[in-house]
Amino acid sequence: MSAIRAIRAVRGMNDILPDVIGAWHHVERNARDLLAAYGYEEIRPPMVERTELFRRSIGEVTDIVEKEMYTFDDRNSESLTLRPECTASVVRAAVEHGLLRTPGRRMWAMGPMFRYERPQKGRYRQFHQIDVEIFGVAAPSAEAELIVLTRRLWRALGINGLTLELNSLGSPDIQARYRARLVDHFSAHSSALDADSQRRIRTNPLRILDSKNPAMQGLIEEAPRIVEELDADARAHFDELLAMLDEAGVPYRLNHRLVRGLDYYTGTVFEWTTDALGAQGAVCGGGRYDNLVAEIGGAATPAIGFAIGLERLVALLEVQSVELPVVAPHAYLASAGTRAAILAHAVAERLRDAVPDLRLVVDAGSGSFKAKLKRADRCGARIALLLGEEEARVGQMAVKDLRSREPQSVVAIDELAGLVARSMGAG
Ligand code: ATP
Ligand code: MG
């Protein structure tokens with residue numbers, strides 16, 4: 001008896017198993033097609049960046065930088081970090097490679113992100129995002145495009161019931177004025193604040209608006225609202241966006257408490273939320289970050305983007321019982337006996353050459369034809385192709401339709417391609 005302890009995955013980092021991969025493919029395929037159709041180009045930055053990049057972009061006093069980053073020194077004592085989000089990397093790459101010399105550049109990236117958070121439903125330490133960015137467009141048409149694009153994605157995926165929440169944070173000056181008013185308000189009631197929020201009065205008062213603590217909701221409701229601070233330009237920008245959304249028939253909810261957890265936002269912020277997933281209801285979040293490109297060392301370039309949380313989107317497909325496209329094999333080829341086994345792959349390859357788009361699985365197990373037929377049936381194939389010693393000798397194959405009660409027939413191997421192609425057309 002072995003007493004070796006099995007090694008398990010790291011807490012908060014999930015294996016995405018074959019039984020759910022269809023949902024991931026559904027999301028990824030639709031997103032890829034849609035983004036291409038709207039003129040977005042894919043970019044794949046590395047998963048590890050210099051720590052400095054995130055400190056500078058996300059901000060020193062944010063939750064992410066203060067306590068959620070996977071940061072380590074490499075063997076050369078350089079401080080590196082597993083990316084907690086992707087916008088900073090996309091901006092860094094775009095600046096580094098001069099991609100922003102063409103204005104109006106649209107880009108997207110997809111992959112794992114890493115945050116040391118408390119794992120719970122919808123919140124993991126490795127999770128996946130699709131990240132979408134537009135560079136060089138200051139007008140609200142960029143916001144509107146991102147929003148109608150996401151709405152089309154939800155529709156394509158078969159998801160419904162998401163709510164669009166919107167707010168405008170205004171320029172850094174506006175945020176500074178607003179911050180001062182918030183500090184006054186919350187300081188005047190500091191005994192009613194929890195410890196976290198008392199600390200945030202000094203570090204990041206906007207984040208107090210995010211608090212879910214029921215005891216503080218009254219105080220937060222009474223807090224000044226950032227819309228009251230917006231100047232004429234910021235107000236006009238936001239109003240124009242709302243007019244575009246009205247025109248395009250996109251409903252939204254103005255949420256003056258929506259501040260988002262990163263420092264780099266400079267205008268519109270938005271989230272798509274659901275109440276079907278419990279506490280972790282934000283499926284997609286983003287906003288305008290007109291100063292980030294310059295802060296990372298590029299030429300001043302207005303920009304806006306969002307990130308979709310794929311785990312939450314996949315969970316929503318499950319909760320809403322969205323029917324996923326089935327990609328079962330068309331045919332399953334099984335052989336019995338040495339001579340037939342030697343022939344099997346050659347026959348299968350000829351079939352794959354002859355029949356475009358054929359999904360054909362060659363049985364790899366042992367056992368009787370009966371056991372193999374069972375495997376063929378279980379994988380969802382429409383027909384089974386059976387090659388025994390006798391068939392192999394005379395160049396024939398038995399064909400069984402697994403979805404009807406028809407008795408099996410025997411065909412010459414040379415005629416197999418036509419038969420298989422016809423069965424693929426027969427739904
Ligand atoms: P939350 O408020 O849920 O913490 P966030 O504002 O930190 O989200 P963003 O940084 O805006 O999230 O990331 C965009 C999206 O990525 C979120 O709306 C969510 O769907 C997803 N996401 C963020 N953090 C996690 C996580 N730890 N696990 C799974 N998904 C996540
Ligand atoms: Mg978060």
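What the table below lists for this structure:
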read-out	value
Conditions (1) within 16 Å of ligand 2 (Cβ to nearest atom); (2) touching a residue at least 60 places away in the same chain (Cβ under 8 Å); (3) over 21 Å from Thr266 (Cβ atoms); number of the one not met by Val148	(1)
Selected residue (only one of Glu318, Glu323 is of a type in the set (D, E, K, R) and either touching a strand residue (DSSP E or B) at 6+ places or on another chain (Cβ under 6 Å) or away from ligand 1 (no atom under 16 Å from the Cβ) (or both))	Glu323
Verdict on Ile43 being within 16 Å of ligand 2 (Cβ to nearest atom) and crowded, with 17+ Cβ neighbours inside 10 Å	no
Residue check for Val61: over 25 Å from Leu310 (Cα atoms) and either at pLDDT 95 or above or within 16 Å of ligand 1 (Cβ to nearest atom) (or both)	yes
Residue check, Glu295 closer than 30 Å to Lys121 by Cβ and away from ligand 1 (no atom under 14 Å from the Cβ)	no
Qualifying residues in the stretch 11-25 (those that are in a helix (DSSP H, G or I) and within 15 Å of Gly111 (Cα to Cα)) - the one farthest from the chain's Cα centre (by Cα)	Ile21
Unmet criterion (only one of (1) free of Cβ contacts under 8 Å to residues at least 40 places away in the same chain; (2) surrounded by fewer than 22 Cβ atoms within 10 Å (Cβ to Cβ)) for Ile208	(2)
Residue match in the stretch 302-317 (condition: at positive phi, modelled with pLDDT of 95 or more and either in contact with a Lys or Arg (Cβ under 6 Å, 6 or more places away or on another chain) or in a loop (DSSP other than H, G, I, E, B) (or both))	no
Odd one out for Gly298, checked against (1) under 29 Å from the mean Cα position of the chain (by Cα); (2) surrounded by fewer than 21 Cβ atoms within 10 Å (Cβ to Cβ); (3) over 30 Å from Gly98 (Cβ atoms)	(3)
Close pairs (8 angstrom Cβ cut-off, 6 or more residues apart or separate chains): within 19 Å of Ile16 (Cα to Cα) and part of a strand (DSSP E or B) in the stretch 107-134, within 8 Å of ligand 1 (Cβ to nearest atom) and among the basic types (Lys, Arg) anywhere	Phe114/Arg125; Phe127/Arg115
Listing of helices (runs of 4 or more DSSP H) fully contained in the stretch 338-427 that carry 1 or more residues being touching a Ser or Thr at 6+ places or on another chain (Cβ under 9 Å), farther than 22 Å from Val326 by Cα and without any contact (Cβ under 8 Å) to a residue 12 or more places away in the chain	338-354
Condition broken by Val48, with the remaining ones in (1) within 16 Å of ligand 2 (Cβ to nearest atom); (2) of a type outside the set (S, T, N, Q); (3) under 21 Å from Tyr124 (Cβ atoms) satisfied	(1)
Breaking point among (1) among the charged types (D, E, K, R); (2) surrounded by fewer than 19 Cβ atoms within 10 Å (Cβ to Cβ); (3) in a loop (DSSP other than H, G, I, E, B); (4) within 16 Å of ligand 2 (Cβ to nearest atom), for Lys67	(3)
Matching entry among Val10, Val61 (being away from ligand 2 (no atom under 16 Å from the Cβ) and out of contact with any strand residue (DSSP E or B) (no Cβ under 7 Å at 6 or more places or on another chain))	Val10
Extreme residue, nearest to ligand 1 (Cβ to nearest atom), among residues of the stretch 46-58 that are under 21 Å from Tyr289 (Cα atoms) and surrounded by 14 or more Cβ atoms within 10 Å (Cβ to Cβ)	Ile58
The one condition in (1) modelled with pLDDT under 95; (2) acidic (Asp, Glu); (3) not in a loop (DSSP other than H, G, I, E, B) that Asp263 fails to fulfil	(3)
Qualifying residue in the stretch 73-84 (condition: part of a loop (DSSP other than H, G, I, E, B), within 12 Å of ligand 1 (Cβ to nearest atom) and modelled with pLDDT of 95 or more)	yes
Residue that is nearest to ligand 1 (Cβ to nearest atom) [pool: residues in the stretch 85-102 that are part of a loop (DSSP other than H, G, I, E, B) and of a type outside the set (S, T, N, Q)]	Glu85
Checking Ser79 against (1) away from ligand 2 (no atom under 16 Å from the Cβ); (2) surrounded by fewer than 20 Cβ atoms within 10 Å (Cβ to Cβ); (3) within 27 Å of Arg152 (Cα to Cα), the condition it does not meet	(3)
Out of Asp196, Asp184, Asp173, sole residue that is within 16 Å of ligand 1 (Cβ to nearest atom), more than 25 Å from Pro251 (Cα to Cα) and surrounded by fewer than 16 Cβ atoms within 10 Å (Cβ to Cβ)	Asp196
Residue in the stretch 76-88 that is aliphatic (A, V, I, L, M) and over 30 Å from Ser197 (Cβ atoms) present	yes
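The values are calculated or read from the model by the stated rules, or taken from the named source; none is laboratory data. From a predicted model like this one, the values you see are computed outputs, not experimental measurements. Glycine also receives a Cβ, built like all others from the backbone with ideal geometry; neighbour counts cover every protein chain displayed.
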